[in-house]
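Worksheet: one structure, shown below.
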Amino acid sequence: MDSVFQRIYENYHQDLFQFLFYMVKNKETAEDLVQEVYIRVYKSYQRFEGKSSEKTWLYSIARNAAIDHFRKQKSWKQRLLENFDWDKQQVKDDSPIPEEVALQKEQVQWLYKSLDQCTIDQKSVIILRYIQSLSISETAEVLGWTESKVKTTQHRALKAVKKIMEEHAGKEESSFEKITLD
């Protein structure tokens, strides 16, 4: 098992970390989730039948770990929202874009930020297809979907991202017009 684990680590660690990082946008959380993936792999490797590629199997485990993380966060956020006094306290988000991303061009930054406004399924498809460079069939395998569903979700995700980008461009244009008119 040690040699199998070593091979999996060498071949997929960076890709798994990157996938999870794009999903959760936090280095420490992504590292924790990668560890969770390795624990799940360790516990279930004997049951891996090889019906899919090892790579897509690992991405499926990673995606499920991310979804479990989001579910836990959702319940935490729900409790916070229920106990938050909106009249007395202000909400301010000071979280910076992670240094590792270090995106230089504003358009690429907005593309990255626009993923937050996509559904988990759309976000998963965009990351797997365009950041991890998986094929449509590999993406379908990871997600347990048909290729048709991947294509449809990809189309909707790209449409949503395009709309968000256009809205941002419109806001920038109107704020620029305000500045030049003043």
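The values are calculated or read from the model by the stated rules, or taken from the named source; none is laboratory data. Model, not experiment: these values are computed from the prediction. Reconstructed Cβ throughout: ideal geometry from the backbone, glycine too, with neighbour counts over all protein chains shown. Just the protein is used for accessible areas: all its heavy atoms, side chains included, with ligands, DNA and RNA removed. Shrake-Rupley method; radii C 1.70, N 1.55, O 1.52, S 1.80 Å.
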- request: Using a 1.4 Å probe and counting only protein heavy atoms, arrange SER124, SER135 so the residue with the most accessible area comes first.
  value: SER135, SER124
statement: Links exceeding 20 Å between C-alpha atoms in this model, out of LYS74/LYS123; LYS74/LYS163; LYS113/LYS159, come to LYS74/LYS163
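Which FRET efficiency value, to the nearest 0.05, do you get for GLU10 and ASP68 by plugging their Cβ-Cβ distance into 1/(1 + (r/R0)^6) with R0 = 35 Å? Don't skip to the end; give the middle numbers.
On the way: r = 26 Å, r/R0 = 0.74.
The calculated FRET efficiency here is 0.85.
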message: Per q in 0.23 Å⁻¹, report the Debye log10 I(q)/I(0) for segment 104-165, using one uniform scatterer on each alpha carbon and no solvent.
response: -0.88
- prompt: Mind listing the Cα extents of segment 1-76 along all three principal axes, in Å, largest one first?
  reply: 37, 21, 19
